Amino acid sequence: MKFSNLRQRFGRGIETTAEREEEDLGLGNKIARKPGTRLINPDGTFNVIRRGRSVFAPYQNLVEMSWPRFIILNLLAYTACNLLFALGFYLIGTDHLNGVRGGLTNWGKFLECFYFSIQTFTTVGYGAIAPISAASNTLAALLALLGWVSLALVTGLFFARFSRPTRMVIFSERAIYAPYRNGLPSLQFRIANKRDTNLINLTARVVLTWLEDGDGDLKRHFHPLSLERDFVSLFPLNWTIVHPIDPASPMHGWTKADYCQRFSELLVTIEGYDRTFAQQITIHKSYTYGEMEWNVRFGPMYHEREATTELYLSRISATVAVGEEE
């Protein structure tokens, strides 16, 4: 039996991969139907907040949080831990610690306990103060054990953060509607590698999503866009990703008002291989209808010199009006 007959007999029971991609990308056609809601945040994360049975993953959170927040959190934990043990030594009594100076106020005694806690926690052990009772020795032993464990954990976290590939691909701030060739318009955006990292085998995938009124209810549509070039082997310079708006494009015949009224959004996925970290990377980005610029083209980003080529990353979003001289 022919495949066409099977489809006719079983209806939509058999679908091609392309058809399934147009129907659903894993986001569903009922998500983000409130006008103005975007699917992907500007930082590349999905605009989804998990509630209820969300998994507590402290390691992942500590590895993925920003550096300032990570350092501040470590300092706070370090200070709080030593304050807690200093309070324990103070309650036991400074007479259980050999070497504490006499004639100190209560605050001075607490500071001596606090500094002794830091010395024990970090295993520095200057020898000026030492525990001399069972209670103070037990507390000092627990503190030293906690210091070892904390050092191992923080060292592992620092290594994981330094060894994790960062977002090395930068995007133009706006997608542009620009002339293409043979009188066709096009939708374009530009990316570049912001470091001298060996990114290779980059693949680009762009999907257009928009809202339409269906039976009185807004429905989200998805459509993958064909690109002039969706793969580059090497990535030393910038890459302008172009979607020609030909008759096969879902945007064919759209006006500037159509992009706005349909609350369109471009969903971008860039995949590649980072040879420095020997890892596959995936980066997400989106452009909403409000992040598009019309009737412009991208300006040059690099210049050839006598012995090298200079790439100006600050010009990633530079545009000139159509018809103007560079």
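The table below lists the values:
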item	result
Residue selected from the stretch 202-232 under the condition surrounded by fewer than 16 Cβ atoms within 10 Å (Cβ to Cβ), over 15 Å from Ser249 (Cβ atoms) and of a type in the set (Gly, Ala, Ser), by the criterion nearest to the chain's Cα centre (by Cα)	Gly214
The listed residue being at pLDDT 90 or above, charged (D, E, K, R) and within 21 Å of Ser186 (Cβ to Cβ), out of Glu265, Glu324, Glu271	Glu265
Leu202 more than 24 Å from Gln280 (Cβ to Cβ), in contact (Cβ under 8 Å) with a residue 40 or more places away in the chain and not β-branched (Val, Ile, Thr)	no
Test: residue in the stretch 168-178 that is modelled with pLDDT under 95 and part of a helix (DSSP H, G or I)	no
Among residues of the stretch 48-76, those that are in a loop (DSSP other than H, G, I, E, B), at pLDDT 80 or above and polar (S, T, N, Q), counted	1
Evaluation of Thr123 against (1) assigned to a loop (DSSP other than H, G, I, E, B); (2) under 30 Å from Leu202 (Cα atoms) (one fails), failing number	(2)
Output for the stretch 132-183, where each listed residue is β-branched (Val, Ile, Thr) and within 24 Å of Asn238 (Cα to Cα)	Thr166, Val169, Ile170, Ile176
Ala257 being loosely packed, with under 14 Cβ neighbours inside 10 Å and assigned to a loop (DSSP other than H, G, I, E, B)	no
Extreme residue, nearest to Glu293 (Cα to Cα), among residues of the stretch 246-277 that are in contact (Cβ under 8 Å) with a residue 12 or more places away in the chain and among the hydroxyl-bearing types (Ser, Thr, Tyr)	Tyr259
Failed criterion for Thr269 (all others in (1) among the polar types (S, T, N, Q); (2) within 19 Å of Val232 (Cα to Cα); (3) loosely packed, with under 15 Cβ neighbours inside 10 Å hold)	(3)
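The values are calculated or read from the model by the stated rules, or taken from the named source; none is laboratory data. Just so we're clear, the structure is a prediction, and the values are computed from it rather than from any experiment. With ideal geometry, Cβ positions are generated from the backbone for all residues, glycine too; neighbour counts draw on all protein chains shown.
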